[in-house]
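The values are calculated or read from the model by the stated rules, or taken from the named source; none is laboratory data. Because the structure is a prediction, the values reported are computed rather than measured. All Cβ positions, even for glycine, are placed from backbone atoms using ideal geometry, and neighbour counts span all protein chains on display. We work out accessible area using only protein heavy atoms, side chains counted, and drop any ligands, DNA or RNA first. Shrake-Rupley method; radii C 1.70, N 1.55, O 1.52, S 1.80 Å.
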Amino acid sequence: ARAGATTRFPWGDNWDSARANSVGTGGGDRFASESPVGSFPINVWGLRDLLGNAAEHVQDVYHASYDGAPADGRSWEQETGTIAERLRVVRGGSYLDPSSRLRVSHRASRRENNPQRTIGFRCAAD
């Protein structure tokens, strides 16, 4: 989603409501809820709509810190606690989140069996 950028957002450090779907943008993104695919400009890798709309449910098991996390980019699947306590990582933010959460670095946790319309996943292939 960062498309190689080191800034807060792929396009720079300042929020631009014309580039992603987020709550509280004063209508700048034109959508009150989900936006249709292809509504925002492509990034430098030719991908669209990587911020906003839905937060991304990822494979990692949630841990309070990164102590012990794989250093090679693999998902962190080490289980801790009981099944009732198990949480998964959710990255980025949805159309119901403020722009401050629409960053790849934003990380939250959710139970894996608690579906929400603001959380989705991406299909990817090598």
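Which pairs have Cβ atoms under 6 Å, sit 6 or more apart or on different chains, and link a residue in the range 88-115 that is within 19 Å of ALA3 (Cβ to Cβ) to one that is surrounded by 14 or more Cβ atoms within 10 Å (Cβ to Cβ) and hydroxyl-bearing (Ser, Thr, Tyr)?
Qualifying pairs under 6 Å: SER99/SER22; LEU102/SER22.
Assigned to a loop (DSSP other than H, G, I, E, B), in contact with a Lys or Arg (Cβ under 9 Å, 6 or more places away or on another chain) and among the aliphatic types (A, V, I, L, M): which single residue out of VAL58, VAL44, VAL37, VAL90 fits that description?
VAL37
Just to check your reading of the model, which residue among VAL23, VAL89, VAL61 is under 19 Å from CYS123 (Cβ atoms) and open to solvent by less than 80 Å² (accessible area, probe 1.4 Å)?
Numbers: VAL23 fails: under 19 Å from CYS123 (Cβ atoms); VAL61 fails: under 19 Å from CYS123 (Cβ atoms).
VAL89 is the lone residue from the list that is under 19 Å from CYS123 (Cβ atoms) and open to solvent by less than 80 Å² (accessible area, probe 1.4 Å).
For every residue, the table says whether it meets (1) touching a strand residue (DSSP E or B) at 6+ places or on another chain (Cβ under 6 Å); (2) among the hydroxyl-bearing types (Ser, Thr, Tyr).
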{"position": "VAL37", "(1), (2)": "no, no"}
{"position": "GLY46", "(1), (2)": "no, no"}
{"position": "GLN59", "(1), (2)": "no, no"}
{"position": "SER65", "(1), (2)": "no, yes"}
{"position": "LEU87", "(1), (2)": "yes, no"}
{"position": "ARG91", "(1), (2)": "yes, no"}
{"position": "LEU102", "(1), (2)": "yes, no"}
{"position": "ARG110", "(1), (2)": "yes, no"}
{"position": "ASN113", "(1), (2)": "no, no"}
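Among the listed residues LEU47, LEU51, which satisfies the condition of being open to solvent by 30 Å² or more (accessible area, probe 1.4 Å), touching a residue at least 12 places away in the same chain (Cβ under 8 Å) and of a type in the set (A, V, I, L, M)?
Just a single option satisfies the conditions, and that option is LEU47.
Counting only residues that are of a type in the set (Gly, Ala, Ser) and surrounded by 14 or more Cβ atoms within 10 Å (Cβ to Cβ), which one in the range 92-110 is nearest to SER17 (Cα to Cα)?
SER99
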